[in-house]
Amino acid sequence: MRSSISNFKERLRLPRLFFRKPSREEQIHGGPPLEFERPIPPAPWRGIAVVVTIVVIAATTVWELYCRSLGYTPTLNDNEDLWTLRRRVVAPESIVIIGDSRAWFDVDLDELQKGLGKRPIQLAMGGSTAFPVLADLADDKNFHGTIICSVVPHLFFAPPGSPPMERAEKGVKRFHNQTPAQRVSEYLAMPVEGHVAFLKPDDLSLEALLNQLPIPNRPGALVPPRFPPTFKLKIENVAHECARNALNPGAN
Amino acid sequence: MGGVLAFAGQIFFDFAGYSLCAIGAALTLGFHLKDNFRFPYAAIGFSDFWRRWHISLSTFLRDYLYIPLGGNQVRPFRAALNLVIVMFLGGLWHGAAWTFVVWGLLHGSYLVIERVFRVLFEAKRWASTLPVRVLAGFATYAAVCVAWVFFRAPDFTIASRMLGGMFGQHPHGDAILTTRELLQIGSVTIGVIAMHWAMRDNAFETAVMRLPHWAITAIGSAMACAIIFTQGTSNAFIYFQF
């Protein structure tokens with residue numbers, strides 16, 4: 001294969017002054033010539049690409065069907081980019097819910113909307129402290145709405161560097177520093193996540209699946225509680241039902 | 001120790017991986033870029049390591065700093081000082097932090113020590129035997145890992161705590177990594193070192209050329225599936241910050 005510079009030279013017919021082969025003196029410290037061409041190993045690359053595509057589509061389809069058979073359905077992933085998306089919606093007069101999983105799971109936005117007249121914006125994060133979000137909203141000169149804050153003492157007063165604090169800070173930091181690439185990535189990911197069930201980093205990523213391996217841990221290992229597959233989906237549904245029953249006693 | 005080995009693997013896969021992405025993307029547009037990594041964890045000695053790791057930076061440092069400073073065409077002490085100055089600046093290139101300075105100075109010192117060893121032992125017959133070369137390779141890897149502590153740690157307190165842990169000062173410290181994670185780190189580290197040793201005198205293209213077509217297809221399919229099933233987060237590459 002001819003190098004791109006050679007092709008360019010031939011097409012433009014530029015003087016040899018610029019594109020002549022470098023002399024021995026011109027070569028940097030006796031190194032290779034200035035032109036460089038990567039060797040491309042001879043192989044039927046087009047055929048290989050077709051077979052790889054077919055294998056990947058087949059494997060992905062089988063995995064998707066298996067995950068759906070376990071009870072997983074397509075949902076948006078709850079990460080700092082999705083949180084940032086909601087944070088951007090906060091208007092000066094908004095009602096905002098912040099805090100931990102109590103505020104996240106135990107609040108029915110439909111019911112609150114009926115009672116309050118407008119739909120609150122859900123900014124609570126499971127396993128996080130509300131403190132950084134509260135501070136960020138307090139610093140926001142445009143915001144003078146209402147905040148509903150869930151306070152669980154050991155989470156709200158979590159020390160700096162602890163996982164609850166880091167989780168909340170990560171979201172706030174992403175809101176302020178989100179790059180255009182991260183923003184575009186989120187907009188591209190949402191339609192895919194809305195149709196593909198196996199995109200569940202907490203449950204079905206390679207890392208999460210490796211964590212499910214029955215390997216006994218060494219004594220004293222700091223291991224988070226191990227939940228069975230689909231536990232999170234079930235607990236969300238249960239929380240939703242509990243909130244409905246509490247608001248409409250005797251409905252069921 | 002597990003954390004340092006994990007970081008040694010992470011930074012290699014992160015940086016070498018996106019260098020390959022850049023090489024591949026450029027190739028689709030007709031631009032031929034040179035390798036940025038050549039199986040660095042099989043390096044025997046630190047000058048060999050820097051001929052294999054971040055080659056674009058090390059070549060730049062060699063051509064525009066080391067050689068203008070006189071390179072090795074000066075007295076031995078001055079040549080050693082040149083090495084330390086170049087690696088000090090190479091450390092600073094990564095960020096304005098004292099930890100990067102120490103990382104650079106450590107590598108500068110390694111290069112100086114290696115040069116002394118070469119003068120003393122290179123002519124000896126036993127120095128070029130396989131066991132000594134393998135031992136030198138593992139010593140290089142271990143010293144590079146010690147330097148990674150300063151590259152990764154946000155401050156010297158954490159760096160000294162990490163080093164203390166590596167050298168057995170905290171036998172009853174928290175067991176932060178799970179057994180599964182330790183097994184993963186161990187197997188990936190052994191795998192990457194074995195692969196680098198197997199490939200250390202070869203080019204990636206040569207290996208592809210030697211493989212049967214079905215094996216290229218199988219490896220390509222496995223890698224594409226791994227990308228999809230891993231579900232990587234949207235975190236940027238580590239080296240984007242430099």
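Based on the reciprocal of the average 1/r between different C-alpha atoms, the Kirkwood radius for region B:97-222 equals 18.2 Å. Comparing B:85, B:228, B:67 in a Gaussian network model of chain B, where Cα atoms under 10 Å apart are tied by springs, the biggest mean-square fluctuation is seen for B:228.
When the Cα atoms of region B:1-66 are aligned to their principal axes, the ranges along those axes come out at 43, 29, 17 Å in descending order. Shielding of peptide B:171-181 by partners, expressed as the average count of other chain Cβ atoms within 10 Å per residue Cβ, is 5. Amide H contacts under 5 Å for residue A:95: A:121, A:146, restricted to partners 5 or more places along the chain or on a different chain, H placed in the peptide plane at 1.01 Å from N. Taking a sphere under 15 Å around the Cβ of residue A:206 and counting the other residues whose Cβ falls inside, with K and R at +1 and D and E at -1, yields a net charge of -2. Scaled against the 2.2 N^0.38 Å expected of a compact globular protein of N residues, the Cα radius of gyration of region A:105-231 reads 1.31. In the elastic network of chain B, a GNM with C-alpha springs shorter than 10 Å, the most mobile of B:164, B:191, B:30 is B:30.
Using a simple spin-label model with pseudo-atoms 7 Å out from Cα toward Cβ, residue A:151 and residue B:25 lie 4.8 nm apart.
Averaged over the residues of B:221-231, the number of partner chain Cβ atoms lying within 10 Å of the residue Cβ comes to 6.
In this simple spin-label approximation, residue B:33 and residue A:187 carry label points 7 Å from Cα along the Cα→Cβ vector, and these lie 2.6 nm apart.
Restricting the calculation to Cα atoms, the protein assembly as shown yields a radius of gyration followed by a Dmax of 27.9, 92 Å.
Rounded to whole numbers, the Karplus 3J(HN,Hα) couplings from phi for region B:22-36 are 5, 5, x, 5, 5, 5, 5, 9, x, 9, 9, 9, 7, 4, 9 Hz, using 6.51 cos²θ - 1.76 cosθ + 1.60 with θ = phi - 60°, and x at Gly and Pro. Rounded to a whole number, what is D in µm²/s for chain B from Stokes-Einstein with the Kirkwood radius over alpha-carbon pairs (20 °C, 1.002 mPa s)? Result for D is 107 µm²/s. Taking amide hydrogens as placed 1.01 Å from N in the peptide plane, the amide H of residue B:175 sits under 5 Å from those of A:222, each at least 5 positions away in sequence or on another chain. Using a Förster distance of 22 Å, how high is the FRET efficiency between residue A:142 and residue A:166, based on the Cβ-Cβ distance and rounded to 0.05? After rounding to 0.05, the efficiency reads 0.25.
The string of couplings for region A:171-180 from the Karplus curve (6.51, -1.76, 1.60, θ = phi - 60°) is x, 4, 5, 5, 4, 7, 10, 4, 7, x Hz, one whole number per residue in order, with x for Gly and Pro.
When chain B is treated as a GNM with alpha-carbon contacts under 10 Å, the residue of B:158, B:176, B:185 showing the greatest mean-square fluctuation is B:176.
Within region B:181-214, what residues put their amide N at less than 17 Å from the label point 7 Å along the Cα-to-Cβ vector of residue B:93? Under 17 Å, as judged by backbone N against the label point of residue B:93, lies no residue of region B:181-214. Summarising the label geometry, the points placed 7 Å from Cα in the beta-carbon direction at residue B:10 and residue A:85 lie 2.7 nm from one another. Listed values for region A:70-83 are Karplus-derived 3J(HN,Hα) couplings in whole Hz (6.51 cos²θ - 1.76 cosθ + 1.60, θ = phi - 60°), namely 7, x, 6, 10, x, 9, 6, 7, 7, 10, 5, 6, 5, 4, and x replaces Gly and Pro.
Where a number appears in this text, it was derived from the coordinates with a stated rule and is not lab data. None of the values given here were measured: they were computed from a predicted structure. Virtual Cβ from ideal backbone geometry, glycine too; neighbours counted across all protein chains shown.
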